[in-house]
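Notes for the one structure printed next.
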Amino acid sequence: MVITLMNRSKIADNATRLLGELAQPVVTRYQLGLCVFQAIGTLPDLNPLETYTQCAQDILQRGVLRPIAGLRPSNAFSLIGTNAQDPRVLACGIDPFCYVSHLSAMEFHGLTNRMPEILYLSTPAPKDWKAFALERMKHDLGDNVEAYRDAGLPAMQPTSFSKLLGKPVHRTASVHYGAYRVYPDQHLRVSTLGRTFLDMLRAPELCGGIHHVIECFQDHAKPYFRLIADELDQHGSAIDKVRAGYILECLCGLSDARIENWKTLAKRGGSRKLDPAEDYSENFSEPWCLSINVALPTE
């Protein structure tokens, strides 16, 4: 069936309505394709790809969707009538599997008074991203997923970006099951408080540096100890627990049965360091079997 101007306008209207129902500031090319595919509805004899191309052009010409600066124009758009002026919101809309992390998450949770000049994000490794995308498409399309893909309509694909609204972006590959919390009213995904503290231990260089990490633990670890300890017990490695235990016990003055349990994970004869990014130091914590390769204020 050849698409008539009337059918084309009707499909574009229906797709526009579906876009509005998404109630989100960012629409990906895949989501636009999904809305057009759903809007075709009772006109199954139309060529889906040709219909998508023509209707997407109509929707863009109407100004319903607008290109996002710094991205390939066809990859993602901002939706008219929404506020898409926050790089964090744009990032979470463009990459449906990323979340705000490290120093940016510390700022969100009020753990730091620093204003990060870089937006820090965590996102799955490419292989995992592809698997998550396929599962999401199966969820969205159900029995129609093969028809959608066979028609050549836009699939869910990762989008590369190094800046958003002029702000540099740093993305870290992460296995992130349970690592973030969704804030639907703000259109954000942010690492949980517990995971944010764990990230400080694993990558202090992405969290303002080891000295800032220690300051944040000293300022905030006591009220959040249960969340920190739960995250470490569930997802922390032995060295994560040793680093945390040393900071919590020796630098924050905290004591707890779980901290004592982590002390049993200390191993002599190794090269474990408090700051994983810095060189080994002879300054050594015997109870924690840990090189204190950091100049501490109390020394």
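The values are calculated or read from the model by the stated rules, or taken from the named source; none is laboratory data. What you see is a predicted model; the values in this text were computed from it and never measured. Positions of Cβ are backbone-derived with ideal geometry, glycine not excepted, and every protein chain shown enters the neighbour counts. Ligands, DNA and RNA are stripped out before the accessible areas are found, and what is left, the full protein with its side chains, is counted by its heavy atoms. Shrake-Rupley method; radii C 1.70, N 1.55, O 1.52, S 1.80 Å.
Averaging sequence separations of C-alpha pairs under 8 Å and six or more residues apart, then dividing by the length of the chain, give the relative contact order as a whole percent.
Values: 424 pairs, mean separation 41.3, N = 299.
Once normalised by length, the contact order is 14 percent.
What's the magnitude of the charge dipole for the chain around its Cα centre, counting Lys and Arg as +1 and Asp and Glu as -1 at the beta-carbon? Answer in Debye, nearest 20.
On the way: 31 positive and 33 negative charges, 101 e Å.
Value, rounded to 20: 480 debye.
Among VAL27, LEU90, LEU274, whose Cα projects farthest towards the positive end of the dipole of the chain, with charges put on the beta-carbon of Lys, Arg (+1) and Asp, Glu (-1)?
So the residue furthest toward the plus end is VAL27.
Which residues' amide hydrogens lie under 5 Å from the amide hydrogen of LYS163, considering only partners 5 or more residues apart or on another chain, with H built in the peptide plane?
Result for LYS163 returns VAL169.
Each residue of the range 13-21 in turn: what ³J(HN,Hα) in whole Hz from Karplus with 6.51, -1.76, 1.60 and θ = phi - 60°, glycine and Pro shown as x?
Per residue, the Karplus-derived 3J(HN,Hα) values read 4, 5, 5, 4, 4, 5, 4, x, 5 Hz.
Order these peptides, 226-234, 59-67, 239-247, by their mean beta-carbon neighbour count within 10 angstrom, highest first. Can you show the working numbers first?
On the way: 226-234: 18.1, 59-67: 15.1, 239-247: 23.8.
Those peptides, ordered most packed to least, come out 239-247, 226-234, 59-67.
Please compute the volume of the convex hull spanned by the alpha-carbon atoms of the chain and report it per residue in Å³. If you can, show how the numbers build up before the last one.
Values: hull volume 42.7 nm³, N = 299.
Taking the convex hull of the Cα positions in the chain, it is 143 Å³ per residue.
Once all Cα-Cα distances of the range 224-297 are split into 5 Å bins that start at 0, what whole-number percent is in each one?
Each 5 Å bin holds this share of Cα pairs: 3, 17, 30, 25, 17, 8, 1.
For the pair LYS130 and SER281, how long in nm is the line joining their label points, each one 7 Å along Cα→Cβ?
My value for the distance between the label points is 4.4 nm.
According to the Kirkwood expression over distinct Cα-Cα pairs, how big is the hydrodynamic radius of the range 101-147, in Å?
Working: mean 1/r = 0.0754 Å⁻¹.
In the range 101-147 this quantity evaluates to 13.3 Å.
Please report the carbon-and-sulfur percent of the accessible area for the range 182-299; probe 1.4 Å, protein heavy atoms only, DNA, RNA and ligands left out. Please list the in-between numbers first.
Details: 2730 of 5690 Å².
Heavy-atom surface of the range 182-299 belonging to carbon and sulfur, 1.4 Å probe: 48 percent.
Taking amide hydrogens as modeled 1.01 Å from N in the peptide plane, which residues meet the under 5 Å criterion relative to THR172, leaving out close sequence neighbours?
Sorted by chain and number, the residues that satisfy this are LEU121, SER122, THR123.
Compute the distance from the alpha-carbon center of the range 35-113 to that of the range 231-281, in whole Å.
Cα centroid to Cα centroid, the span is 42 Å.
From the helices alone, meaning DSSP H stretches of at least four residues, give me the mean residue ellipticity at 222 nm for the chain, per-run term -39500 (n - 2.57), in deg cm²/dmol to the nearest 500. Mind dumping the intermediate values first?
Details: 12 runs with 128 residues, N = 299.
Taken over the chain, the calculation gives -13000 deg cm²/dmol.
What is the pair-distance distribution P(r) of the range 1-146, computed from all Cα-Cα distances in 5 Å bins starting at 0, with each bin given as a whole percent?
2, 9, 16, 18, 18, 15, 10, 6, 4, 2, 1, 0, 0
What is the magnitude of the charge dipole of the range 54-176 about its Cα centre, with +1 placed on the Cβ of each Lys and Arg, -1 on the Cβ of each Asp and Glu, and no other charges, expressed in debye to the nearest 20?
On the way: 13 positive and 11 negative charges, 75 e Å.
Dipole of the range 54-176, to the nearest 20 debye: 360 debye.
Cα atoms only, the range 150-263: Rg and Dmax in Å?
In order Rg, Dmax, the Cα atoms of the range 150-263 give 17.5, 62 Å.
Can you compute 3J(HN,Hα) from phi for each residue in the range 203-216, using the Karplus curve 6.51 cos²θ - 1.76 cosθ + 1.60 with θ = phi - 60°, rounded to whole Hz and x for Gly and Pro?
Each residue's phi maps through the Karplus curve to give 9, x, 5, 9, 10, x, x, 4, 5, 5, 4, 4, 4, 5 Hz.
Only Cα pairs under 8 Å and at least 6 apart count here; give the relative contact order of the range 241-298 as a rounded whole percent. Before the final figure, lay out each step's value.
Numbers: 70 pairs, mean separation 17.7, N = 58.
After rounding, I find 30 percent.
Roughly how many percent of the accessible protein surface of the range 80-140 is carbon and sulfur, given a 1.4 Å probe and a whole-percent answer?
On the way: 1520 of 2850 Å².
Carbon and sulfur: 53 percent of the exposed surface of the range 80-140.
Can you work out the accessible area per residue across the range 1-81, with the rest of the protein chains kept in place, probe 1.4 Å, in square angstrom? All intermediate terms of the calculation are to be shown ahead of the outcome.
Values: 4120 Å² over 81 residues.
Solvent-accessible surface per residue comes out at 51 Å².
Quick one: 3J(HN,Hα) in Hz for the range 136-153, Karplus 6.51/-1.76/1.60 with θ = phi - 60°, rounded, Gly and Pro as x.
In residue order, the calculated couplings are 5, 5, 5, 5, 5, 9, x, 5, 8, 4, 5, 4, 5, 5, 5, 6, x, 6 Hz.
For the chain, set up a Gaussian network in which alpha carbons nearer than 10 Å are linked by springs, and say which option among ALA131, ALA56, ALA203 fluctuates the most.
ALA131
Over the Cα atoms of the range 138-203, Rg to Rh with Kirkwood Rh, two decimal places? Don't jump to the answer; show the numbers that get you there.
On the way: Rg = 16.8 Å, Rh = 15.4 Å.
Here Rg/Rh amounts to 1.09.
Could you order peptides 135-148, 96-109, 162-175 by the average number of other Cβ atoms within 10 Å of their residues, highest first?
Details: 135-148: 13.4, 96-109: 24.4, 162-175: 15.1.
Averaged packing, sorted descending, gives the order 96-109, 162-175, 135-148.
Under a 5 Å amide H to amide H cut-off, with H placed in plane at 1.01 Å, what residues pair with LEU188 once short-range neighbours are removed?
Result for LEU188 returns TYR183.
With the radius of gyration and the Kirkwood radius both derived from the Cα set of the range 1-72, what is their ratio Rg to Rh?
Numbers: Rg = 11.9 Å, Rh = 12.4 Å.
With Rh from the inverse mean 1/r over Cα pairs, Rg/Rh is 0.96.
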